[in-house]
1. So D313 ticks every box in (1) of a type in the set (D, E, K, R); (2) touching a helix residue (DSSP H, G or I) at 6+ places or on another chain (Cβ under 9 Å); (3) not assigned by TED's automatic domain parsing to the domain that holds W143 but one. Which box is left unticked?
2. Looking only at region 297-319, filter to residues that are among the hydrophobic types (A, V, I, L, M, F, W, C) and within 16 Å of the chain's Cα centre (by Cα); which one of those is surrounded by the most Cβ atoms within 10 Å (Cβ to Cβ)?
3. Take the conditions in a helix (DSSP H, G or I), closer than 29 Å to S197 by Cα and over 19 Å from the mean Cα position of the chain (by Cα) and apply them to V325. Does it pass?
4. Assuming T244 fulfils every condition listed in (1) surrounded by fewer than 16 Cβ atoms within 10 Å (Cβ to Cβ); (2) closer than 28 Å to E352 by Cα; (3) of a type in the set (V, I, T) apart from one, which condition is it?
5. Go through region 112-133 and report how many residues are outside any helix (DSSP H, G or I) and either in contact with a Lys or Arg (Cβ under 7 Å, 6 or more places away or on another chain) or not assigned by TED's automatic domain parsing to the domain that holds S392 (or both).
6. Does G351 meet the test of being touching a helix residue (DSSP H, G or I) at 6+ places or on another chain (Cβ under 9 Å), outside the structural domain of P219 (by TED's automatic domain parsing) and closer than 18 Å to V222 by Cβ?
7. Go through region 198-299 and tell me which helices (runs of 4 or more DSSP H), entirely inside it, have 3 or more residues that are touching a Leu at 6+ places or on another chain (Cβ under 9 Å) and of a type outside the set (S, T, N, Q).
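The values are calculated or read from the model by the stated rules, or taken from the named source; none is laboratory data. In this text the structure is predicted, and so the values were computed from the model without any measurement. Cβ coordinates were reconstructed from backbone atoms using ideal geometry, including for glycine residues, and neighbour counts include every protein chain displayed.
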Amino acid sequence: MLYQLYETQRALLSPFAEFASATSKLYNHPLSPFAHTPGAQRVSAGLDLMHRLSKEYEKPEFGINSVKVDGVDVAVQQQVAIEKPFCRLLRFKRFTDNVGVLTRLKDQPTVLVVAPLSGHHSTLLRETVRELLKDHKVFITDWTDARMVPKDVGPFHLDDYIAYVQEFIRHIGPDVNVMSVCQPTVPVLAAISLMASRGEATPRTMTMMGGPIDARKSPTAVNNLATNKPYEWFQNNVIYRVPTNFPGAGRAVYPGFLQHTGFVAMNPDRHLSSHYDYFLDLVRGDDDSVEFHRDFYDEYNAVLDMPAEYYLDTIKTVFQDFALVNGTWKVAGEPVKPQDIETTALLTIEGELDDISGAGQTRAAHDLCTGIPKTRQFHYDAVGAGHYGIFSGRRWREKIYPRVRDFIAGHQAADARPAAKTLAAKPVARAAAAKPAARKPVSKKVARSAR
C-alpha cells in the first residue's frame, strides 16, 4: 500500500513541479518583465528549489563521450556486451585515429567494475569509469531497476547475482581485473572463490573498495539497522509490490524511495544545509556552485528498486549470519571458500571517514584469502575520504586512483601470476571443473602497502 501511496503523491506533485520550474524561468529570463521586479531573483530561486524537491529523478546517462590519453582526445562509445533480465554488461569502447595512442590502448589491461545494486544506478560510478578509461579497457555492470522487469521473468536472488558476475568474468576472459565498490565486494569475493574452487581461471587482480566483507567490524548505522531488526521485520515492513503503472507490476521489491529516505536520514542536517546553500547560490548567480549541486543531486536522487529476494538474502547472509567470514555460506550447495583463491592479487581500500562500511570491514578480505601470497596482498587507507570519496572526487582522482592503476599494472606481466596447480578431475555441483589439490596453509597476516 505504501508504494501505491508514494506513486499517487508523485503523480499529484508532478504538475506542481513543472509549474514551479516554468514560473522560476519567468522570473529569471532576461527578456521577461517579471525578471526586473523587486525580489525576482529570490522568487525564482525559491521556485527552482521547489521544483527540484518535488520532481521525479530519472536514471542519468553516463555521458562519457571522450577521455584524454597521453594528451590526445579519444572518443568513447558505450556498448552493451551482454544483456540479462536484471543487468546489462556495458563496455566503454575507445576509438582514435592516432596510431601511437591506438597501439597503447590495445595493450592496456581490462577492468570489470562491479557496481553496487543498493538503491542507486551504476552511473554513480561515472567518475570512477572516466578515470579508469585513461589507462584501461573498461566494462561495468549496469543493474536494472526491478520495477522495470516483468514479474514472469522470475525472482532474482543473491545466488543469481553471483552467477551474473561469474558469467561476465568468463565473457571478458581470465586477464580481467575486477573492481568492486561497496555492496558487491561480498558477492564478487564469493564468485571468484567458487571459480577458484572449481579450478577455473580467476581474474588477475581484485580491488575491493568500501565493502562489508565483515560487517561485525566497526559497525555503522547501516550495519546496526540490519543486525538489530529480525529478518521477519524486513519481510513485513520494507517489502512492497510494484504498482500497476510499471512493467514489473506485482513484483516484490525493496523500493528505491525507502533506500533514498534512509540515506537522507543518516545526514539530514547536511542535506538541509546543501539545499539552503543552493538557494543562496541561485540568488547570487554562482553558476558553478549551482551546477555542481544539480549534478550531484540528479545522481543522488535517482534511485532504483531492488528485487525483494536479493535484498532479503543480502540482509541475512551478509549482515545477520555473517556467512562469508564464518565459513558457512553455500551457493547452490557449493561452499564459498576464499582460501582457494591463489593466483589473483588483492587490493582493499577503505575511507577513513566512511559512515557506511566501517574501518576494517573491507580489510577483512585478507584474513579470508589465505591462499594468496602475502606479497600479492595490499591495503590502502584513504585519509580524509568518506564513503563516496573513495570512488569519486578529488581524493579518488589524486590519491586512490593512482594506487589502483599501479596495482593493476604491476600484475599484468605473464610471470606476475603464479602458475595454476594441476587439478584432479573431480566433478562438483553445477560445474564440470575440478577442486584444487590440498595446499599448505598460509599465514593470515596481511601484507601492508607502502604509504
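1. (3)
2. So the residue we want is M306.
3. yes
4. (2)
5. The qualifying residues number 2.
6. Spelling it out, it is not the case that G351 is touching a helix residue (DSSP H, G or I) at 6+ places or on another chain (Cβ under 9 Å), outside the structural domain of P219 (by TED's automatic domain parsing) and closer than 18 Å to V222 by Cβ.
7. Qualifying helices (runs of 4 or more DSSP H): 256-266, 268-284.
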